[in-house]
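Report on the following structure.
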Protein chains: 2
Amino acid sequence: MKLLFGQSGGPTAAINASLAGAVGAGVEAGARCFGMRYGIEGFLANKSVALDPLLQQPLNRELLCHTPASWLGSCRYKLADPEGADTADYEKIFTQLEAQGFDGVFYLGGNDSMDTIAKLDRWGTLHGSACRFVGIPKTIDNDLVGIDHTPGFGSAAKFVATSVAELALDANVYDLKNIVVVEIMGRDAGWLAASAALAGAAGGAGPDLVLVPEVAYEPEQLAQAARERLAHKNTLIIAASEGIHTAEGTLFAELAGTTAERDGFGHLAATSGAGRWLASYLKQTLGVKTRAVELSTLQRCSAHCASAQDLHEAAQLGATGVSAALAGQTGVMATLTRTNDTPYTYALGTCNVHEVANKVRRLPAHMITSDGMGVTASFIQYAAPLIAGEPSLVWPEGIPAHLEALPYSK
Amino acid sequence: MKLLFGQSGGPTAAINASLAGAVGAGVEAGARCFGMRYGIEGFLANKSVALDPLLQQPLNRELLCHTPASWLGSCRYKLADPEGADTADYEKIFTQLEAQGFDGVFYLGGNDSMDTIAKLDRWGTLHGSACRFVGIPKTIDNDLVGIDHTPGFGSAAKFVATSVAELALDANVYDLKNIVVVEIMGRDAGWLAASAALAGAAGGAGPDLVLVPEVAYEPEQLAQAARERLAHKNTLIIAASEGIHTAEGTLFAELAGTTAERDGFGHLAATSGAGRWLASYLKQTLGVKTRAVELSTLQRCSAHCASAQDLHEAAQLGATGVSAALAGQTGVMATLTRTNDTPYTYALGTCNVHEVANKVRRLPAHMITSDGMGVTASFIQYAAPLIAGEPSLVWPEGIPAHLEALPYSK
């Protein structure tokens, strides 16, 4: 039995825990495990690597669980329509899969990566390949359909909430009115910006306004909301998604003059600048001190502040995907279904990956307050269990230990 | 015995540990403890608060140790020359101190705060006050003279090094040339930017270039250094102080168009923008993907990633200051002298605060590599013990617990 693993899309603090869980299940089943370097794009360029030498050892799999980013490397590469005329990629991929004798391909990623695995499965089915194709979900954006929440989201949410709680204390030290705008990732969905509210849910300092891309805002309306709240307190914390926009659809980031970059899937790859623009606008309008803090890529790579629950689920979903393939499934994504809120319980399983690809799940209306500038108890109940628990790390020389990097292929 | 505590200047992740240590020593000695709200500026406005109700309890002092920012509130307020004509502040302060029967005043802060305590001591001596004035050091910048290193630096350094290690992994996931510029605080001294190098010292991913304000850089020189290094690897991490400048003295932040703001001491209060400018310049010059990450205020408030050694020393220095005052000392600062590098040992004591105030200690030449773009083994030996150990936190509901805030005084 020979299994091939790939990682794709933006990195997270939990995607390597899924890889560790998946390879662990493969090793247990006696399979030989290989990795694509830089996802399917790297596989097309013959960049693959044997994972057994390092990952047969449980200690290395444990270190891998706590290593942020995509250990195998990643890509943003869109395959052509498998029913279309452009068959070159598929012919190359399936020739290699057959020549190297792979029985299963596992692709760890978000909705674009599920598009890749769904297309490989369709081509395989059309052309009678015996190889199985399974998706293993991840994304800090939590915008994947077919699953209660995605691995990577809980760790990013824990870092966001922890940082917002700390920033709120930091901002409140001087006896003067001031506003801190914290810019949080999530270009299309507000799950991660909303998770800033977990900072205040435990009774400590939290955000005063939570702004998400599911709602349209006019700058004057935000200035008015800030003005009202500053009458009663010194410090205002605004948690703002990078994707906030006006009713006309203009991104605040565009107001800031950010050049929009698009990836291979046509998505905006970088929309930063919204927080900086809003902080500057509020300073001019309200005449108070403001500061913009961009959590930037820290929010997806801060493995030192990961959620233990998230890492555990990520590893379980990796193992679930491998078990499904070993049991003969293909064209599926490993999934997690919540069975109870309090106490939080869930069941693992699979869903049809063709129904997951290319869809975006947004924050539902019942999780957003009626004024559009906060989250409801329903969101807190949903998100709180996902940031529970702190991982046990080793910190040689005061820095968290990570698994050694794969060699750089020039 | 009645003691008064104040915090001043920029907050850190360890300044409350010093407060906890100092108040703990006061409580043990049977003293009553009070706090200035918002430093000496708040005391002038009669804003003080009894600390005993909350801080007599060891559990609350323990929570305080892990609460970032200045729990009492802070200020940036410069007292007039005590020998000069403007005596209004001093008369008010000393009238209040006498009326309220304070025996000791403890001011926790950096070099500007030591200026305040030195001036109060001079006025007290000139006018026969029996009150004792003691400085307790803190600053993430590590630029205070008279002490081996300052509380707050170790925790900031640990967060910077940890984040740079994680960002370096995150930046390396795609198979393309790219540069990440991490902007780090320290307007005049490069200690904190240099601490990014601790990320690589343990063998993991670290910065490729470390840029500090002690050295002048021309943009073309940095582009050339980046170009050379990118020939051998995909990803370049540049750790850059916010205070980097050209040989002509132009701040990179000024090239970015940042308006320089100055505080009550005439210091540049905010110089952010250097990283963004450099990332943009390198993108244009080298034609590679670049990203700027500003660690911003996260680096001074990330108590969840504090150094246990730093918190321990901060508390010890607080207690040392109180013991010194109880033993009759005034006009001193609690200090720490390193007695050995490996194993790291140190002695606590006091020094003359008048010799500390208003001086800046910069990164010495022997800690900077000859090309000016890295740090030497001598810096690593100096800094490594300061980031050792992780604090035991409690994380109710997945967020670190902080001591409840003092009431907001409108």
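The values are calculated or read from the model by the stated rules, or taken from the named source; none is laboratory data. As the structure is a prediction and not an experimental result, all values here were calculated from the model. Quick reminder, even Gly has a Cβ in these numbers, built from the backbone with ideal geometry, and neighbours come from all protein chains shown. Protein only, heavy atoms only, side chains kept; ligands, DNA and RNA dropped before computing areas. Shrake-Rupley method; radii C 1.70, N 1.55, O 1.52, S 1.80 Å.
What number of residues within region A:80-92 are open to solvent by less than 80 Å² (accessible area, probe 1.4 Å) and either part of a helix (DSSP H, G or I) or closer than 30 Å to A:Leu311 by Cα (or both)?
Summing the residues that are open to solvent by less than 80 Å² (accessible area, probe 1.4 Å) and either part of a helix (DSSP H, G or I) or closer than 30 Å to A:Leu311 by Cα (or both) in region A:80-92 gives 3.
Would you be able to say whether some residue in region B:296-310 is modelled with pLDDT under 95, on the phi > 0 side of the Ramachandran plot and surrounded by 19 or more Cβ atoms within 10 Å (Cβ to Cβ)?
There is no residue in region B:296-310 that is modelled with pLDDT under 95, on the phi > 0 side of the Ramachandran plot and surrounded by 19 or more Cβ atoms within 10 Å (Cβ to Cβ).
This table checks each residue for (1) within 30 Å of B:Asp170 (Cβ to Cβ); (2) assigned to a loop (DSSP other than H, G, I, E, B).
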residue	(1), (2)
A:Glu313	yes, no
A:Leu317	yes, no
A:Gly321	yes, no
A:Gln329	no, yes
A:Thr339	no, no
A:Gly349	no, no
A:His354	no, no
A:Lys359	yes, yes
A:Arg362	yes, yes
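Name the pairs whose Cβ atoms lie under 8 Å apart, with the first residue in region B:83-101 and closer than 15 Å to B:Ala45 by Cβ, the second open to solvent by 60 Å² or more (accessible area, probe 1.4 Å), and 6 or more positions between them or separate chains?
These pairs meet every condition: B:Gln96/B:Asn46.
Looking at B:Tyr77 and the list (1) in contact with a Phe, Trp or Tyr (Cβ under 8 Å, 6 or more places away or on another chain); (2) open to solvent by 40 Å² or more (accessible area, probe 1.4 Å); (3) part of a loop (DSSP other than H, G, I, E, B), which single condition is not satisfied?
Only one criterion in (1) in contact with a Phe, Trp or Tyr (Cβ under 8 Å, 6 or more places away or on another chain); (2) open to solvent by 40 Å² or more (accessible area, probe 1.4 Å); (3) part of a loop (DSSP other than H, G, I, E, B) is unmet by B:Tyr77, namely (1).
Could you grab the pairs with beta carbons closer than 7 Å, sequence gap of 6+ or different chains, first residue in region B:289-305 and at the interface with chain A (Cβ under 7 Å from one of its Cβ atoms) and touching a residue at least 40 places away in the same chain (Cβ under 8 Å), second one in a strand (DSSP E or B) and small (Gly, Ala, Ser)?
Every condition considered, no pair remains.
Would you call A:Ile117 of a type outside the set (Phe, Trp, Tyr), in a helix (DSSP H, G or I), in contact (Cβ under 8 Å) with a residue 24 or more places away in the chain and buried (at least 24 other Cβ atoms within 10 Å of the Cβ)?
The answer is yes for A:Ile117.
Name the single residue, out of those in region B:306-329 being more than 14 Å from chain A (Cβ to nearest Cβ) and of a type in the set (S, T, N, Q), that is nearest to A:Val181 (Cα to Cα).
Here the residue is B:Gln316.
I'm trying to understand the selection: among the residues of region A:319-359, which are closer than 16 Å to A:His149 by Cβ and either in contact with an Asp or Glu (Cβ under 7 Å, 6 or more places away or on another chain) or among the small types (Gly, Ala, Ser) (or both)?
A:Ala334, A:Leu336, A:Thr337, A:Arg338, A:Tyr346, A:Ala347, A:Gly349
With the checklist (1) within 20 Å of A:Gly124 (Cα to Cα); (2) aliphatic (A, V, I, L, M); (3) open to solvent by 30 Å² or more (accessible area, probe 1.4 Å) in hand, flag the one item A:Ile40 doesn't pass.
Failed condition: (3).
What number goes with the only condition from (1) open to solvent by less than 10 Å² (accessible area, probe 1.4 Å); (2) in contact (Cβ under 8 Å) with a residue 60 or more places away in the chain that A:Gly398 does not pass?
(2)
What strands (runs of 3 or more DSSP E) lie completely within region A:152-252 and have 1 or more residues being within 14 Å of chain B (Cβ to nearest Cβ) and either surrounded by fewer than 24 Cβ atoms within 10 Å (Cβ to Cβ) or touching a residue at least 12 places away in the same chain (Cβ under 8 Å) (or both)?
On the way: elements: A:178-184, A:209-211, A:235-241.
By residue number, A:178-184, A:235-241.
Restricting to region B:11-37, and then to whatever is part of a loop (DSSP other than H, G, I, E, B) and open to solvent by 30 Å² or more (accessible area, probe 1.4 Å), can you tell me which residue is nearest to the other protein chains (Cβ to nearest Cβ)?
B:Ala29
Among residues belonging to region B:368-410 that are part of a helix (DSSP H, G or I) and among the polar types (S, T, N, Q), point out the one that is nearest to the other protein chains (Cβ to nearest Cβ).
Only one residue fits best here, namely B:Gln381.
Please go through region B:333-342 and pick out each residue that is surrounded by fewer than 24 Cβ atoms within 10 Å (Cβ to Cβ) and away from chain A (no Cβ under 14 Å). Don't jump to the end; show me each part of the working.
Of the residues in region B:333-342, the ones surrounded by fewer than 24 Cβ atoms within 10 Å (Cβ to Cβ) are B:336-342.
Hits for region B:333-342 are B:Leu336, B:Thr337, B:Arg338, B:Thr339, B:Asn340, B:Asp341.
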